[in-house]
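Visitor: Quick one: structure below, then a few questions.
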Amino acid sequence: MMKKYKVTLNKKQLATIAISLEDSARLILGQFNLNYQRILDDVLWNLHYKEGKDNTEYYRIKNEVDNHLNEIKKLIWNNSTKGIGHNKESDLMYEIYKNILSQFEKEREEECLKKGEKYVSNVHSGDILKLTNEEFIKIEKIDEEERKS
């Protein structure tokens, strides 16, 4: 039997893990450009985008970075891109990050229902595609009242 661990995280920490797993899974599959590498895109945005200003330089840098990433993709992945089901490690990362984002989506749905607002589903709603023989991770939201006791 495989050892199991229990980790307690706040929502921001859990979201950071999900983003990191998604970026890593996509990298393994050759999905290597700013559209798929959210962490890199966020860094570029935070360092170079100026709200309400001329962002010609930001877009120049973004285009140049994408060109360099495409060159790297050509060297490593022979300019090909794969999807889920092509790499066991990437598939496991996919399952974990989809489980996390699915949990966030369930919480959003519950919040909408409580407020009497219409809930609109997205790609993280519903069943998660099972790609590996690993158990899905278990995520339990800890209520603030529970935490205090």
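We did not get these values from a lab; they are worked out from the coordinates using the rules stated. Given the structure is predicted, the values throughout are model-derived calculations rather than measurements. Here the Cβ is made from the backbone with ideal geometry for all residues, glycine too, and neighbour counts use every protein chain on show.
Visitor: Alpha carbon centre of segment 2-25 versus segment 64-104: separation in Å?
Guide: Rounded to whole Å, the Cα centres lie 17 Å apart.
Visitor: Continuing with the same structure: Before rounding to the nearest 500, sum -39500 (n - 2.57) across all DSSP H runs of length at least 4 in the chain and divide by the residue total; then give [θ] at 222 nm in deg cm²/dmol.
Guide: The helix contribution divided over the chain gives -19000 deg cm²/dmol.
Visitor: Return the distance in nm (one decimal) between the two label points of a simple spin-label model at residue 139 and residue 12, each offset 7 Å from Cα along Cα→Cβ.
Guide: If labels sit at residue 139 and residue 12, their model points lie 1.8 nm apart.
Visitor: Which FRET efficiency, nearest 0.05, do residue 109 and residue 20 yield, Cβ-Cβ r, R0 22 Å?
Guide: Plugging the Cβ-Cβ distance into 1/(1 + (r/R0)^6) gives 0.35.
Visitor: To continue, here is another question. Measure up 11/115; 114/141; 12/141; 12/88; 98/141; 11/73 against 23 Å on the Cα-Cα distance and list the ones that go over. List each step's numbers first, then the result.
Guide: Details: 11/115 21 Å; 114/141 17 Å; 12/141 13 Å; 12/88 27 Å; 98/141 16 Å; 11/73 33 Å.
Check vs 23 Å cut-off fails for 12/88; 11/73.
Visitor: Let me make sure I get this right: for segment 11-148, a, b and c are the square roots of the gyration tensor eigenvalues over alpha carbons, sorted descending. Under 1.5 in a/c it's rounded, otherwise prolate if a/b > b/c, else oblate. Which is it?
Guide: Here segment 11-148 falls in the oblate category.
Visitor: Which lysines have a Cα lying under 16 Å from the Cα of residue 3, excluding residues fewer than 8 positions away in the same chain?
Guide: Leaving aside lysines fewer than 8 places away in the same chain, those within reach of residue 3 are 138.
Visitor: On C-alpha positions alone, give me the angle between the axis of helix 11-28 and the longest principal axis of the chain, in degrees, nearest 10.
Guide: Helix 11-28 and the main axis of the chain meet at about 50 degrees.
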